[in-house]
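The structure appears below as structure tokens.
The values are calculated or read from the model by the stated rules, or taken from the named source; none is laboratory data. No experiment lies behind these values; they were computed from the predicted model shown. As a convention, Cβ positions derive from the backbone with ideal geometry for all residues, glycine included, and neighbour counts pool all protein chains shown. Protein only, heavy atoms only, side chains kept; ligands, DNA and RNA dropped before computing areas. Shrake-Rupley method; radii C 1.70, N 1.55, O 1.52, S 1.80 Å.
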Amino acid sequence: MHLRVLASSSAGNCTVFWNDGHALLVDIGLSQRYISRHLDDSRISFRTVGGVLITHTHGDHVHPETFKTVLELQIPVYCPAPIAATLQKQFAAARKAAHQGLLRVLENGVSVVAGFEVESFPVPHDAPGGCFGYAIHHSTLQGDTTAVIATDLGYAPDGLAGKFADAQAIVLESNHDVMMLQNSNRPDWLKKRIKDIGHLSNEQSALLMQNILSASRELPRAVILAHISRECNTLECARTTMQAGLHSVGAGELRVVDSYWNEPNEIVTLGG
Ligand SMILES: [Zn+2]
Ligand SMILES: [Zn+2]
């Protein structure tokens, strides 16, 4: 399995997971032109995208025009029931897609989406319809690979770390530096929203990774930092905080991979 964050920030999110013949997108919060261009860069045609998973209904995760185009291309969109209901309230295209069987509800447990086995789990984030992370598995004769993605979460409740345990790749937000957020000229209500129920700080993200490692038997191959704030964080600050956290639990060799708001990051390959 390969994965690549095509872009991640409050300006738009899309991550692609693929293997021989199948591709799956998690979130479509960017223009179709941008997504197509960078799928091409990654040698994936939009036409091989067999499904889209939606984490939540915020505009940086569901771009209305792209959502419409995806459905026009007959690519099925998958999400848990409360998100499907919210999308249908928001978009006529979603109501039509539900009718056509293109908006598909993920039940609890494992579902097959575009050739991958997918499992959703709820995360705390203030979006209508809730917010979900996804574990994405792929089995081959060479072995099983799993990646887990959660890009918007206000805090890590008990038990969340277990959802990421033993994944080979973890895409996790490292949204803000607490001091930079505090010193920003954002209104107080927004600072409070981000801290309480919006997004993980660099320290919270590093702490969650430590808990994930203590729930895991093996070290992941990579942790990919996502949804890095452009105003209240720097790539370096996010990366060094994560590296320090990993180092303090003897996992300094775990690779920390950046993602960017305006360009795709490196391709991470699992297995093989
Ligand atoms: Zn977001
Ligand atoms: Zn959000």
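Brief remarks on what is shown
- Fraction of antiparallel bridges per DSSP, the range 24-180 only, in percent to nearest 5: 55 percent
- Burial order of peptide ranges 243-251, 184-192 (average beta-carbon count within 10 Å, highest first): 243-251, 184-192
- Taking the DSSP bridge list for the range 1-61 and keeping only pairs wholly inside it, about 70 percent are antiparallel.
- Long hydrophobic helices in the chain: the complete DSSP H runs spanning 15 Å or more by Cα along their own axis with mean Kyte-Doolittle hydropathy of at least 0.0 are 202-214.
- ARG95 accessible area, assembled protein chains, probe 1.4 Å, Å²: 120 Å²
- Listed by chain and number, the lysines whose C-alpha is less than 23 Å from the C-alpha of LYS96, apart from same-chain residues fewer than 8 away, are LYS68.
- Percent of beta bridges antiparallel (DSSP, the chain, rounded to nearest 5): 55 percent
- Positive dipole terminus of the range 2-269, leading residue within LEU160, ILE170, VAL52 (C-beta point charges): VAL52
- Prolate/oblate/rounded call for the chain, Cα gyration tensor, a/c under 1.5 rounded: oblate
- Every helix of 4 or more DSSP H residues in the chain counts as -39500 (n - 2.57), and over all residues that averages to -8500 deg cm²/dmol at 222 nm.
- Spatial separation of Cα centroids for the range 160-195 and the range 1-68, in angstrom: 22 Å
- Computed over the chain, relative contact order equals 19 percent, with contacts defined as Cα pairs under 8 Å that lie 6+ residues apart.
- The order of THR69, THR240 by accessible area, most exposed first and with a 1.4 Å probe, is THR240, THR69.
- The range 118-186 shape via C-alpha gyration tensor axes, a/c threshold 1.5: prolate
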